[in-house]
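These notes are about the structure you will find just below.
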Amino acid sequence: MIRKNEIFGLKNRLLSAAEIIVRLAKNRKARAWALSGLALALAWYFCLPKPLFREPVSAVLLSAGGELLGARIAEDGQWRFPPPKTLPEKYKQALIHFEDKRFRLHPGVDPAALARSVYTNYKRGKVVSGGSTITMQVIRLSRKNPPRTYPEKLLEILLALRLECGCSKDEILALYAGHAPFGGNVVGLEGAAWRYYGRSPELLSWGESALLAVLPNSPSLIRPGRNSVALKVKRDALLRRLSLAGVLDGSTMELAQKEPLPGEPYPLPRAAPQLLDTLAAERRALSASLRVGPFSRLKTTLDGALQKSVQSIVRRYSDGMLLHGIRNAAVIVIDNGTFEVKAYVGNSRDDDGTGKARAGSGYAIDLVRKPRSTGSVLKPLLFAAMLQSGELLSTTLVPDLPTQFGNFMPQNFDRKYRGAVPARTALAQSLNVPAVRMLKKYGVPRFYDFLKNLGMSTLHRDPQGYGLSLIVGGAEGTLWDLTRIYANMAHLAKGGEKKGAARLHELRILADSPDAGKTTNDLGPGAAWLTMKALLDVTRPGEEGYWENFDSSRRIAWKTGTSYGHRDAWAIGSDARHTVGVWLGNADGESRLELVGVAAAAPLLFEVFSRLPYGGWFDIPEAYLKEVEVCKNDGYLPFGGCETAKQWSPLGSNFDQISPHNKTVHLDASGKWRVHGKCEAVSKMKHTGWFSLPPGQEYFYRRYYAGYKPLPPYRRDCEADADKKKGPVEFLYPNADSRIYIPIDLAEKKGRVVFEAAHTWPDAALFWHLDGNYIGRTAVFHQQALDIEPGPHEITIVDHEGNYATRRFEILGVN
């Protein structure tokens, strides 16, 4: 508050004057007087402490528009807001006319007021008037209101004169308004305005401003239901004084005098209590590390109206989820253009209405920043990474059949398999098995580094510690990180970045935060747009009818996630303007079967979007895409005469995989049997393109695609020289070179290993052999439950035409 340039100028002038005095002094006595004068001048100059007030202040949270969103009581139990920089004109006029009408004229001390005070005290025989100016009262407040004595008054005068040398009149008024007592544990004008009138000082009427101007003179008068007459008399007298001074006209004064006095104190706004705690803690840590004062007035990027609306939605929705034992929820809304956080609800509520959080409720926890199991919300990021690196296209088929990698056996949410699905369909339906197979192909260390580079800050183990489970909830992430990553992907999908390395932005929650971020080559606009496009139709099998409730022309790319054991439900969605992140669960990790992303979190996501302005959809960023011709049936580069279609691919990617499923097949003249050159003349063959999946994929695929036709069998005279190893037989379990533990069943007895195979022809029989010994025959359902001793083994299956498949595996023992 004290202007440093004035202080340094005054200091230099004092030193110069002292030097001149010493030089001019002709004798020792004169020099002593000069030095004494200099010492007194310097003592007066440095007599004010820095800062003038050291009391702790309340942490105050403001919206982008300056609206109060919440406050925390100061460490000493007082509602003491940080001192304002400016004061409303109504309050300034009322304060000056009540406390110090010549405030603008005197230098900190009013001689006329002091003389009147001395005369009055002499007449009464006791101290009844101090004659203090507002400046002197600021000094008195800074000194914790010491006893009123004449020496103390003299000291106040000296300090007030010094304060006036370093502060403007408006700054002194702000110091007074920020530290004056307003009754109870309320200190300062801003806290008093919110506690007694429920609004900011700028919105106070003349009657309200006048009451707060007289209150510090007698703060004990503010007792709801008591002292109302005395308080009203003082307020009305001030209003009359303002009218006589020409500040108010008569009608305004009369209306102001009819205004009611404040009743019970208003509760302060609590629009973002968890965010306030988080930011206040961060600022305290920062101020401690930098050894500077606390940053207590926290102006955020939040939209005040939207924040209150989203908080209301979350509370109402969470009240309904309590019926299912789900207590906690968190929501964050981000502007995709500026990366400003527009709404931040850290929990479903922060207390039960009594001001105290319920035991075990977890309401005090800021769940936007709390790491939780990610479920399936990382799948779009793997999809985008593989598009960017050219390892798949949106329509490339990905296997979906029983899968095991070591002891890890992923399953789809619905426990079904589809044989093979386009990558974008696997993403839209959140299929676990294709996602795990995609990660196996891409590589866990590569994907781990990709997530780190995108800004996922909660990967504290090494890649091997997560393994393939990383893609299905094996890692933990925060709603803050994940929603930021999705917002960056939405921003990139708009194609607004300059060509070259894309920029990943950090979120901005404080208005004074700089636009921070970094460049990356891991993700570009083309891959981001294709991922957003794939997320337009996110559903779960068997849940399609559920989404009739969300039928809308509004286009939103969204993804849900459910953690293992039903402990977390996620939903994150984007349009071109906003990204919304939602988490539901219990803060203590308690599981609930209802905690499914599509059923628990997604409805809240769409309700929040309904309160946002329409954001539109992404234009095609053609400058970042190229067209690739692929087979329509499997999404690979053309081969075998397949029907083709154009497919978008990120510019700069290099997808070079030829179709493994489309092949040229040689048939006899009837078109019913396959033949080859050793059993049929080439001139008699028919050559045709055929879409054929491996037997394991085919076994499940044809259940969903009735038009699928398996390869015709070889004609009998061609069977002998046919390649049996590449025939219609395939193992579903175990994988090649698997290492298997024998399970223990519920009766605590040694279990059996279930082997499973598939055959192209539904009516085919398979003959099973273990280590060269025949062990049985299966038809239709090809499964064998075997009790096998530990050690290496080989199992073989053969059909009636001699087609076969072999697997080597090792039994490790009982688990």
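The values are calculated or read from the model by the stated rules, or taken from the named source; none is laboratory data. Here the structure is a predicted model, which means the values were calculated and not measured. Cβ atoms come from the backbone with ideal geometry, glycine included; neighbour counts cover every protein chain shown. The area values use the complete protein model at the heavy-atom level, side chains included, leaving out ligands, DNA and RNA. Shrake-Rupley method; radii C 1.70, N 1.55, O 1.52, S 1.80 Å.
A compact table of results
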item	result
Angle in degrees between helix 273-290 and the longest Cα principal axis of the chain, rounded to the nearest 10	70
Net dipole in debye of the stretch 372-516 [+1 Lys, Arg Cβ; -1 Asp, Glu Cβ; about Cα centre; nearest 20]	380
Carbon plus sulfur fraction of accessible area for the chain, probe 1.4 Å, in percent	53
Extension gain, residue 405 back to residue 594 (0.36 nm per residue minus Cα-Cα distance, nm)	65.1 nm
Peptide ranges 466-474, 416-424 listed from the most packed, as the mean C-beta count within 10 angstrom indicates	416-424, 466-474
Average accessible area per residue (Å²) across the chain - probe 1.4 Å, nucleic acids and ligands excluded	46
Low-density loop positions, GluC sites (Glu not before Pro), the stretch 419-521 - DSSP coil, at most 14 other Cβ in 10 Å	none
DSSP-assigned coil residues among chymotrypsin sites (Phe, Trp or Tyr not before Pro) in the stretch 759-815, each with at most 16 further Cβ atoms within 10 Å	781
Ranked by how many other beta carbons lie within 10 Å on average, peptides 596-604, 273-281, 60-68 from highest	596-604, 273-281, 60-68
Rounded to 10°, Cα long-axis angle of helix 479-493 versus longest principal axis of the chain	70
Separation in nanometres of the label points that stand 7 Å from Cα toward Cβ, at residue 115 and residue 441	9.7
Value of Rg to Rh for the stretch 436-535 (Rh from inverse mean 1/r over Cα pairs, i.e. Kirkwood)	0.98
Protection proxy ranking of 201-208, 577-584, 787-794, 521-528 - average other beta-carbon atoms within 10 Å, highest first	577-584, 521-528, 201-208, 787-794
Angle between the chain longest axis and helix 111-124 axis [Cα atoms, degrees, rounded to 10]	70
Calculated Rg and Dmax of the stretch 754-815 using C-alpha coordinates, Å	12.1, 38
Semi-axes of the equivalent ellipsoid for the stretch 354-464, Cα gyration tensor, largest first, Å	32, 18, 14
Listed residue pairs exceeding 32 Å between alpha carbons, taken from 299/533; 632/672; 90/144; 416/559; 144/232	299/533
Cleavage-rule hits, trypsin sites (Lys or Arg not before Pro), the stretch 182-248, DSSP coil, Cβ neighbours within 10 Å at most 11	none
Rounded D (µm²/s) - the chain, Kirkwood Rh over Cα pairs, Stokes-Einstein at 20 °C, 1.002 mPa s	65
Shape category assigned to the stretch 578-642 from the gyration tensor of Cα positions, a/c cut at 1.5	oblate
The chain, relative contact order [Cα under 8 Å, separation at least 6], %	9
